[in-house]
Amino acid sequence: MSNSNDASTRDLTQGRPIVQILLFSIPLVAGTLFQQVYSFADSVVVGRLISDAALGAVGTTYSLNFLTLGFVQGACIGFSIPASQAFGAKDHAEFRRYVYNGAWMCVILSVVFTITFTLLARPMLQLISTPDDLMDMAWQYITVIFLGIPSAVLYNHSAALLRAVGDSRHPFYFLVISCAINVCFDVFFIVVCHMGVVGSALGNIIGQVLSAGLNCWWAFTRIPIFRESLSPALRADMRWSGRHVRRLAMVGLPMGFEYSVSAIGAVLMQNSINLLGTAAVTAQTAGEKIRQLFTLPMESVGMAMATYAGQNLGAKRLDRIKQGLVSGTVIQAVYCVVCFVVIRLFNRPLVGSVLGDADPRITDDAALYLTLISCFFIIHGTLMIFRNTLQGMGYSTHAIISGVGELAGRALGAWLAIVGYGYLAICYSNPLAWAFALAYCMVMVTVMIRRKRREFQALEARTA
């Protein structure tokens, strides 16, 4: 079951790939869905209990969230990949060193990002042409989110490390608890305390802190491979190691940059949306919130592929990585068909649940955005499989280049919106971004598997 003799961990180098990916993905998908139910509920609270303008203000910060917190998420996942490879290779000493040196990297990341982006919050909102009537609320919301960056770092890193040893269930359990508390705090802060969008941001941070605390408690009290690292005899593994930090930086920082490069495209797209006016901002925000509810589970399957590829690369099982690519793509394809059918049947009720009795033109535009983008979900799902396989194998630099493809796609959509195609071009921006990135990732996964096969064959020849 596991090389640490613990029932909560999972050795992904054994068993049928499609079964292992499914079993590992289910808690990730469930967690993402639950998190998005919370985010969806948060949007409903903001849109209905505050105002449509408040929803638009939160929505206009999405690209900045993507730019900063996306880097955090990508880097933290990247910091866990060397640990997953060490786990797959059954090297506990290296695993411990990567865990603690990853923690040092997270401390540095938290301090630098919190100070920098909190100070730059308003200039960044001005840079993306945030409408004047949304500026104050958007600034209040994003400032609180930026002040909470350390909580986001701790949550993402702790969850990624648990997944690195094959435990995707407990991060889900703890997420359920924290999201339930999030909703309660949202209602309390917004309805009782009248804190507006600030209350929504505070609820999010409280939930992250709780989830992170529970992840750390479980890892260091219940999972042997973590618990043994607290032994006085092994405390030397907690020290800063230049070799391990360099490896973590080479894998983790490019993954963070990949998210941010892609986010620059989102910033360009958001600028174009903002230039179209508040109605377009609100419609796209509603459609995008619902889109995320459907597509983030695909990203969870992608995260499962990163851990799967990392463990199997550590075990030198390239054949299982190739099998995993096929199995993961099949899983995504089936899910995309279900999403398409549901959205075609229920797009207006879904939009109405967010916007309520909004201007019919806003409702129509939100439904159009959701319907068109659902036709291209399979591109996004397949991208998550191939990109995360590259990342799990340690080739994070190539993920950055795929992010440049996303940047190009979103920039093209933004340009088309400005030159005359308007809101319709915005609807096609994300599919263009996904397609450009996928084309690159499919080629590079094929090339890198062949390269690793030659490396392993040469190693076997030298040791024979």
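The values are calculated or read from the model by the stated rules, or taken from the named source; none is laboratory data. All of these numbers come straight from a predicted model, not from anything done at the bench. Don't worry about glycine lacking a Cβ; one is built from the backbone with ideal geometry, like all the others, and counts go over all protein chains shown. Calculation scope for accessible area: heavy atoms of the full protein, side chains included, ligands and nucleic acids excluded. Shrake-Rupley method; radii C 1.70, N 1.55, O 1.52, S 1.80 Å.
Summary table below
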quantity: Residue check for Ala408: within 23 Å of Leu372 (Cβ to Cβ), part of a helix (DSSP H, G or I) and open to solvent by less than 10 Å² (accessible area, probe 1.4 Å); calculated: no
quantity: In segment 414-464, the residues that are without any contact (Cβ under 8 Å) to a residue 60 or more places away in the chain and β-branched (Val, Ile, Thr); calculated: Val419, Val443, Thr446, Val447, Thr463
quantity: Residue, nearest to the chain's Cα centre (by Cα), within segment 416-459, restricted to residues that are β-branched (Val, Ile, Thr) and over 18 Å from Val281 (Cβ atoms); calculated: Val445
quantity: Top-ranked residue of segment 355-366 - restricted to ones that are surrounded by fewer than 22 Cβ atoms within 10 Å (Cβ to Cβ) and farther than 17 Å from Val46 by Cα, ranked as modelled with the lowest pLDDT; calculated: Pro360
quantity: Failed item in (1) closer than 28 Å to Pro17 by Cα; (2) over 23 Å from the mean Cα position of the chain (by Cα), with Arg462 passing the rest; calculated: (1)
quantity: Residue that is closer than 26 Å to Glu299 by Cα, open to solvent by less than 10 Å² (accessible area, probe 1.4 Å), within 18 Å of the chain's Cα centre (by Cα) and at pLDDT below 80, where the choices are Gly78, Gly59; calculated: Gly59
quantity: Exclusive hit being modelled with pLDDT under 80, of a type in the set (D, E, K, R) and open to solvent by less than 20 Å² (accessible area, probe 1.4 Å), set Asp42, Asp52; calculated: Asp42
quantity: Odd one out for Ser272 among (1) modelled with pLDDT of 80 or more; (2) more than 13 Å from the chain's Cα centre (by Cα); calculated: (1)
quantity: Where a residue in segment 80-103 is more than 16 Å from Pro224 (Cα to Cα) and its partner, wherever it lies, is assigned to a helix (DSSP H, G or I) and open to solvent by 30 Å² or more (accessible area, probe 1.4 Å), with Cβ under 6 Å and at least six apart; calculated: Pro82/Arg247
quantity: So Gln332, is it part of a helix (DSSP H, G or I), open to solvent by less than 20 Å² (accessible area, probe 1.4 Å) and in contact (Cβ under 8 Å) with a residue 24 or more places away in the chain; calculated: yes
quantity: Filter result for the condition that a residue is in a helix (DSSP H, G or I) and under 20 Å from Glu258 (Cα atoms), over Phe113, Phe87; calculated: Phe113
quantity: Hits in segment 89-107 - residues which are open to solvent by 50 Å² or more (accessible area, probe 1.4 Å) and touching a His at 6+ places or on another chain (Cβ under 9 Å); calculated: Arg97
quantity: Check on Ile108, out of contact with any helix residue (DSSP H, G or I) (no Cβ under 7 Å at 6 or more places or on another chain) and part of a helix (DSSP H, G or I); calculated: yes
quantity: Complete set of residues in segment 162-205 that are surrounded by fewer than 22 Cβ atoms within 10 Å (Cβ to Cβ) and on the phi > 0 side of the Ramachandran plot; calculated: His194, Gly196
quantity: Residues being surrounded by 23 or more Cβ atoms within 10 Å (Cβ to Cβ) and either modelled with pLDDT of 80 or more or basic (Lys, Arg) (or both) - total across segment 411-426; calculated: 1
quantity: Residue among Trp218, Trp240 that is open to solvent by 40 Å² or more (accessible area, probe 1.4 Å), within 27 Å of Tyr98 (Cα to Cα), part of a helix (DSSP H, G or I) and of a type outside the set (Ser, Thr, Tyr); calculated: Trp218
quantity: Among (1) without any contact (Cβ under 8 Å) to a residue 12 or more places away in the chain; (2) in a helix (DSSP H, G or I); (3) of a type outside the set (Ser, Thr, Tyr) - the single one His194 does not satisfy; calculated: (2)
quantity: Subset of segment 148-170 that is over 19 Å from Gly207 (Cα atoms) and assigned to a helix (DSSP H, G or I) - its residue that is nearest to the chain's Cα centre (by Cα); calculated: Arg163
quantity: From His194, His170, residue being out of contact with any His (no Cβ under 6 Å at 6 or more places or on another chain), farther than 18 Å from Ser110 by Cβ and modelled with pLDDT under 85; calculated: His194
quantity: Unique match (being closer than 21 Å to Ile77 by Cβ, part of a helix (DSSP H, G or I) and of a type outside the set (Asp, Glu)) among Leu370, Leu350, Leu296; calculated: Leu296
quantity: Filter result for Arg246 (of a type in the set (Lys, Arg), open to solvent by 10 Å² or more (accessible area, probe 1.4 Å), under 18 Å from Val107 (Cβ atoms) and part of a helix (DSSP H, G or I)); calculated: yes
quantity: Residues within segment 117-157 that are open to solvent by 10 Å² or more (accessible area, probe 1.4 Å) and either touching a Cys at 6+ places or on another chain (Cβ under 8 Å) or among the aromatic types (Phe, Trp, Tyr) (or both), tallied; calculated: 7
quantity: Residues located in segment 335-354, provided they are open to solvent by less than 50 Å² (accessible area, probe 1.4 Å) and touching a Gly at 6+ places or on another chain (Cβ under 8 Å); calculated: Cys336, Val351, Val354
quantity: Among (1) farther than 13 Å from Thr371 by Cα; (2) over 23 Å from the mean Cα position of the chain (by Cα); (3) buried (at least 17 other Cβ atoms within 10 Å of the Cβ) - the single one Ala309 does not satisfy; calculated: (2)
